[in-house]
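What follows is one structure encoded as structure tokens, with my remarks underneath.
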Amino acid sequence: MTERGQHQRSLLRGAVTLLAAAAVYEAMARSGYFAPALLPTLPTVARALITSIADGSMIEHAAFTLYRVMFGFALAVAVGLPLGILMARFSRVEHFFLPLVSALMPIPSFALVPLFMLWFGIGNLTTILIVFYAATFPMMFNAWSGVRSVNPLWLRAAGAMGADEHRLFWKVIIPGASPFIITGMRQAFLRAWIAVVGAEMIAASDWGLGWVIFDAKEFLNTDIMLASLIVIGMIGFVFERFVFGSLERMTVLRWGMMRTAKG
Amino acid sequence: MQDAITTGVAEVSIRSHGRERLRLVARNLFPFVVIGAIWEIIAWVGVFPRRLFPTLEEVAASFVHLTITGILPHHAIETLIRLLTGFTLAGILGVTIGVLMGRSRRAEDIFLPLVSIGAPIPGLAYAPLFLLWFGLGNVSAVLLVGFVSAFPIIFNSWTGVKAVKEIWLRSAQAMGADDRHLFSHVILPGALPYILTGLRLGLAQAWRILVAVEMLAAVPWGLGWLIFGARKFLNTDAMLAGIVVIAIIGLALEKLVFQKIENYTVVRWGMISS
């Protein structure tokens, strides 16, 4: 079988699976074994999604969540990236921060939510700080290992060709470390995205996708819950595929430092 | 004479070795001392109300008190049992599905769309749904932990099986290995570094989700609940003691459990360097 035919068959099978899963779900929802409030039919979910988008509420929730996640993520990159690079370049910095990082990293960000709520109140500040906490470590760690893994041959070659410290840093070390840095951003965003939903659930403010889900539970609005789940999944997917995917294509893939991921 | 010199040299080297070690410990402790001092200053100056920002002595006292009365160990054990149950579930399911996906094109086509849709949704977003479906308490918490931590395990087992070198398969076949042998002696060990990475990621994920879900699922015991419950009574010292225990367990899972397993298997087989 040709590669193309195989590919088409895979697509077809994938579509069939999804349809079958949807059909099973629909059958379960309509069978009446489960309360319709807990297991709404797919048209109900679709209707909830469309109405909430049409009246703008879902968009506003998503905007709040995105604002928090971007703010926290930007902070994490602004702190984690330079710190990671400094740690790799200066052993003094590394000796100071590495023990702290290893002690803080295993604490899940959610464990800090109640504490941050007491300190910073309910709302944006707490959520942004939780996102920042969750996203900083992967960023820092990847920048650190990226700079350390720059091929020493490149450094020596550039040094032999007369590059000064400044040029060496910007022209060799940073591009050399960039596959790791981009992976770090990707992981950091993923962490941030998970953290924001959790933080919004617990440190409930009035807006945000995590808050909608949690709030909908109180009123048994399962259709709204599923609709927001879809929105959350889609935003995460879009960022993962398009934003970071194209960032990778524009930089490290074009420079030939990484092969295209398979699959 | 010769002997005396050798012993002398050995002594010096032991002493300098000891000093080296002491220096290493001091170097690792120094950042904590600095942070601890900053913490104490903030607590004493009173940027935050004292109840919300206790001094380190208060946290330590509360830690000791909660440990001696058995409250903290009880919470920790309940949490660990939940973690292990959920993670075992995820491990069995995840490795099975992942290996199946790697071996059979049909399984891959069936599971991949479902997995790629489910994976990008943050695990905690499922929590309210699970709570509605399975009720408050243990069942929801364990199922959610299992469900969420299965994703990285599936992905890594799948990649691992696919990454087994073609040449190993062919040489094993040329030497007359049948399907079963091929699977248990070539594919499984070959995929093991990936599978272990998947389990490791899954465990980390499970740990993160569990703490959060304990806050939401109203379980009677558990570290997440301890932290969340202590907030209501402004017992910040108990909260911080709980966070310390969470950090210790998280660190122990990573360092003791997984590094040991890796050392015994893939590192010993020379598949990755330690």
Under a plain spin-label model, where a point goes 7 Å from the Cα along Cα-to-Cβ, how far apart in nm are A:E26 and A:V93? 5.7
Given a Förster radius of 45 Å and the C-beta distance between B:A107 and A:S149 as r, what FRET efficiency does 1/(1 + (r/R0)^6) yield to the nearest 0.05? 0.80
Shape of the stretch A:10-65, Cα gyration tensor, a/c cut at 1.5: oblate
So how tilted is helix A:57-89 from the main axis of chain A? Cα-based, degrees 0 to 90, rounded to 10. 20
All alpha-carbon distances of the stretch B:127-170, grouped into 5 Å bins from 0, give the whole-percent distribution 5, 20, 17, 12, 11, 10, 8, 7, 5, 5, 1
Rounded to a whole number of µm²/s, how large is the Stokes-Einstein D of the stretch B:209-272 at 20 °C and 1.002 mPa s, given Rh as the Kirkwood radius over C-alpha pairs? 158
Volume in Å³ per residue [convex hull over Cα atoms, computed for the stretch A:36-253]: 137
Exposure rule at most 13 other beta-carbon atoms within 10 Å, DSSP loop chymotrypsin sites (Phe, Trp or Tyr not before Pro): chain A longest free segment: A:91-218
Only Lys, Arg (+1) and Asp, Glu (-1) charged, at Cβ; the stretch B:56-267 dipole about Cα centre in debye: 480
Other chains' Cβ within 10 Å of A:37-44 residues: what's the mean? 1
How big is the protein assembly as shown along each principal axis, measuring the range of its Cα positions in Å and listing the largest first? 93, 71, 48
Once you compute Rg and the Kirkwood Rh from C-alpha atoms, what is the Rg to Rh ratio for the stretch B:100-189? 1.16
In Å, the Kirkwood hydrodynamic radius from C-alpha pairs for the stretch B:9-146 sits at 20.8
What value, in deg cm²/dmol to 500, does the helix sum -39500 (n - 2.57) over DSSP H runs of n ≥ 4 give at 222 nm once divided by the residues of chain A? -25000 deg cm²/dmol
Select from B:G102, B:A247, B:N235 the residue farthest towards the positive end of the dipole of the stretch B:56-267; place +1 on Cβ of Lys and Arg, -1 on Cβ of Asp and Glu, and compute about the Cα centre. B:G102
For chain B, modelled as a Gaussian network with Cα springs under 10 Å, which listed residue fluctuates most, B:P193, B:P128, B:P31? B:P31
Rh (Kirkwood, all Cα-Cα pairs) for the stretch A:91-213, Å, reads 16.5
For the stretch A:111-208, with the dipole built from +1 on Lys and Arg beta-carbon atoms and -1 on Asp and Glu ones, taken about the Cα centre, which of A:V147, A:L115, A:F137 lies farthest toward the positive end? A:V147
Average beta-carbon neighbours from other chains, 10 Å sphere, peptide B:197-210: 2
Compare B:L56, B:L216, B:L144 in a GNM of chain B, Cα atoms joined below 10 Å, and give the one with the largest fluctuation. B:L56
If you place +1 on the Cβ of every Lys and Arg, -1 on the Cβ of every Asp and Glu, and leave all else neutral, what size is the dipole of chain A about its Cα centre, to the nearest 20 Debye? 1180
Between the Cα axis of helix A:124-148 and the main Cα principal axis of chain A, the angle (0 to 90°, nearest 10) is 40
Shape metrics for the stretch A:1-108, restricted to C-alpha atoms - Rg then Dmax, Å: 24.5, 66
Which distance in nm do the two modelled labels at B:D179 and A:R249 give, with both placed 7 Å along the Cα-to-Cβ direction? 4.0
If you count, for every residue in A:99-107, the Cβ atoms of partner chains within 10 Å of its Cβ, what is the mean? 6
Which three extents, in angstrom, do the Cα atoms of the stretch B:56-267 have along their principal axes, listed largest first? 68, 38, 21
Measuring from label point to label point, each 7 Å out along Cα→Cβ, what is the B:T67 to B:V244 span in nm? 0.7
About the Cα centre of the protein assembly as shown, how large is the charge dipole given +1 on each Lys and Arg Cβ and -1 on each Asp and Glu Cβ? Please answer in debye to the nearest 20. 1400
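Values in this text are rule-based calculations from the coordinates and carry no lab data. For clarity, every value in this text was computed on a predicted model and none was experimentally measured. For neighbour counting, all protein chains shown are included, and Cβ atoms are generated from backbone atoms with ideal geometry for every residue, glycine included.
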